[in-house]
Amino acid sequence: MKRIVEKISQVLNRNETLVIATVLRKTGPGPIRAGRKMMISESLTLEGSFGGGLVDARIKQIASSVFKSRLNTIEIISFSENCDHGTGEICGGQIEIFFEYCDIIDQETGLYYQKIDQLLSKKQDFVMISEISGRNPVHQRKWICTQTGFYGQENDEFHEKFAPIKRNFSDMKFRAAFFHEDHYFVEPYFLNEKVIIIGAGYIGQILTDLCKMLDFYVVVADDQPEFATNERFPKADEVLYVPHYQALHDYLTIDDQSFVLVMTRGNQFDQEVLAQVLLSPAKYIGMMGSKVKRNTVFQKMIERGFEYEDLQRIHCPVGLPIEGESPEEIAVSISAELIGLRRKKDTMISN
């Protein structure tokens, strides 16, 4: 989200036009959540993705029409019903997307996104509220709610409608985007510390429960559908089936508040995941395994073009050295390391 908004502000500051695509609702399978955004430039260059392939191609097609009409619109895109898992296409389901046209004439929109950019740069939590009604919502009112106040057009009706959001602001912390009173789309943006567990094994199950107790937002991802299930991870905030590990960015958002734990079922998969995670601004990268495995994987990563300095970001063996042997003890050691990083302890033991 931060990267997309920064790009939006940059484009508007250059007096260029753009289209913002926001997922309003999702039905059926698929990793896309309500609130996810893409930005489309006038040259139809995409920033972000809703699944790649045919889906993003359809996004371009609709955005092209929006640039011509200069009218906002809401469209429903269905995922391929008979897709091949090997292609990475999402099978079944559909998403409802709001396409918003923004140009240099609309100074109010420019100021709105500048305000959001300022809040993000200050690492301040906020909630975006957009009025979206009808199939062609030409005029869209927007507001921003923070812990201390509102930004946007205010009146008595507005304060009455959104008093619950202001009053229960902290409760918005782990909420996904949602509709309030049918036509007000609410998007909470909190600097949540997120633990992303890639590999849905037994240690991941224990670690999920521990991290939830520690108030982390927990995402579990695996390329095996029988492992990536809500039944196996009932306490996780998100459980994602990733058809393959080669395009994690289509399914996961890894930002500077993300703690990524790589614990797939083999070295080859670990390497594939690390090659992508190392290109992200992740706050922490940990890999399950021994020092022997670490050396083997590191050599392969160097052969792929990574420098030794890049590999220094990877904590392996993962967790604090408490001589843990059981899955439970290993999960505790990992949780302890995450706590230390969260509290920014200077005494953290480095691997």
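The values are calculated or read from the model by the stated rules, or taken from the named source; none is laboratory data. Since this is a predicted model, take the numbers as computed values, not measurements. In this analysis, Cβ positions are derived from the backbone assuming ideal geometry, glycine residues included, and neighbour counts consider all displayed protein chains.
Structure values in brief
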read-out: Matching option when the condition is modelled with pLDDT under 95 and either of a type in the set (S, T, Y) or within 25 Å of the chain's Cα centre (by Cα) (or both), among R304, R343; value: R343
read-out: Index of the failed condition, L338 passing every other in (1) free of Cβ contacts under 8 Å to residues at least 60 places away in the same chain; (2) assigned to a helix (DSSP H, G or I); (3) crowded, with 18+ Cβ neighbours inside 10 Å; value: (1)
read-out: V292 being in the same structural domain as A247 (by TED's automatic domain parsing) and in contact (Cβ under 8 Å) with a residue 24 or more places away in the chain; value: no
read-out: Residue tally, condition of a type outside the set (G, A, S) and surrounded by fewer than 15 Cβ atoms within 10 Å (Cβ to Cβ), over the stretch 297-312; value: 8
read-out: Residue within the stretch 164-177 that is aliphatic (A, V, I, L, M) and closer than 25 Å to Q268 by Cα present; value: no
read-out: In the stretch 223-245, the residues that are touching a Leu at 6+ places or on another chain (Cβ under 8 Å) and without any contact (Cβ under 8 Å) to a residue 40 or more places away in the chain; value: A228
read-out: Check on G149, crowded, with 16+ Cβ neighbours inside 10 Å, at pLDDT below 85 and more than 19 Å from the chain's Cα centre (by Cα); value: no
read-out: Among (1) in the same structural domain as D103 (by TED's automatic domain parsing); (2) touching an Asp or Glu at 6+ places or on another chain (Cβ under 6 Å) - the single one V127 does not satisfy; value: (2)
read-out: Test: residue in the stretch 175-184 that is in a loop (DSSP other than H, G, I, E, B), aliphatic (A, V, I, L, M) and more than 16 Å from the chain's Cα centre (by Cα); value: no
read-out: So L207, is it touching a residue at least 60 places away in the same chain (Cβ under 8 Å) and surrounded by 22 or more Cβ atoms within 10 Å (Cβ to Cβ); value: yes
read-out: Flag for F233 being assigned by TED's automatic domain parsing to the domain that holds I116 and among the aromatic types (F, W, Y); value: no
